[in-house]
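Input: a single structure, listed below in structure tokens.
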Amino acid sequence: MSKTERKKHAVGYVRLSDWRGDADPSTSPAGQERTIRAFCEAKGWEVLDVIHDLDVSGSARGLRLDRPGLGKVRALYDRADVLVVAKLDRLARNVSDFMAICEEAAERNVAPVSVAESLDMTTPGGRFTATI
């Protein structure tokens, strides 16, 4: 298997601002993780880990990009090819934060992927769409 054909390694990221326990009917952490794992399995990607930020805001009122879980994700960049989220707003709450994460990840050869929006920055079309 050539380097370009090797299995991709994924790190998943789950965030929920106001976690009310496992029975919470909102965008539950367990549901986000199931979505991430199922997507990676369908793509043939190996999941290295799924990191959770619970009760952590992604907005300007919160920690924005200085979240504990996001720090753990960054620590896995050297082993990962893709950063997968169930929905884009779980990763960033505004365009400038999203682009900052994308640039930071790209510097480490990691491509962000959002399942709900079908945004896959491992592809030229995905990278193009992300900039619109």
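Checking each residue in segment 45-69 for being touching a helix residue (DSSP H, G or I) at 6+ places or on another chain (Cβ under 9 Å), modelled with pLDDT of 95 or more and either surrounded by fewer than 16 Cβ atoms within 10 Å (Cβ to Cβ) or farther than 22 Å from Glu117 by Cβ (or both) picks out Glu46, Asp49. Flag: Ala42 matches the condition of being aliphatic (A, V, I, L, M), free of Cβ contacts under 8 Å to residues at least 60 places away in the same chain and open to solvent by 80 Å² or more (accessible area, probe 1.4 Å). Taking the numbered list (1) under 21 Å from Arg37 (Cβ atoms); (2) exposed (fewer than 15 other Cβ atoms within 10 Å of the Cβ) in turn, Thr129 passes all entries but (1). In this structure, is Val56 of a type in the set (Val, Ile, Thr), over 12 Å from Ala10 (Cα atoms), touching a residue at least 24 places away in the same chain (Cβ under 8 Å) and not in a helix (DSSP H, G or I)? The answer is yes for Val56. Of the residues making up segment 94-122, just one is of a type in the set (D, E, K, R), more than 13 Å from the chain's Cα centre (by Cα) and assigned to a loop (DSSP other than H, G, I, E, B), namely Arg108.
Among the residues of segment 70-87, those that are surrounded by 17 or more Cβ atoms within 10 Å (Cβ to Cβ) and either in contact with a Pro (Cβ under 6 Å, 6 or more places away or on another chain) or not in a strand (DSSP E or B) (or both) comprise Leu70, Val73, Arg74, Leu76, Ala80, Asp81, Leu83, Ala86.
The values are calculated or read from the model by the stated rules, or taken from the named source; none is laboratory data. All of these numbers come straight from a predicted model, not from anything done at the bench. Don't worry about glycine lacking a Cβ; one is built from the backbone with ideal geometry, like all the others, and counts go over all protein chains shown. Note: areas computed on protein heavy atoms with side chains; ligands, DNA, RNA excluded. Shrake-Rupley method; radii C 1.70, N 1.55, O 1.52, S 1.80 Å.
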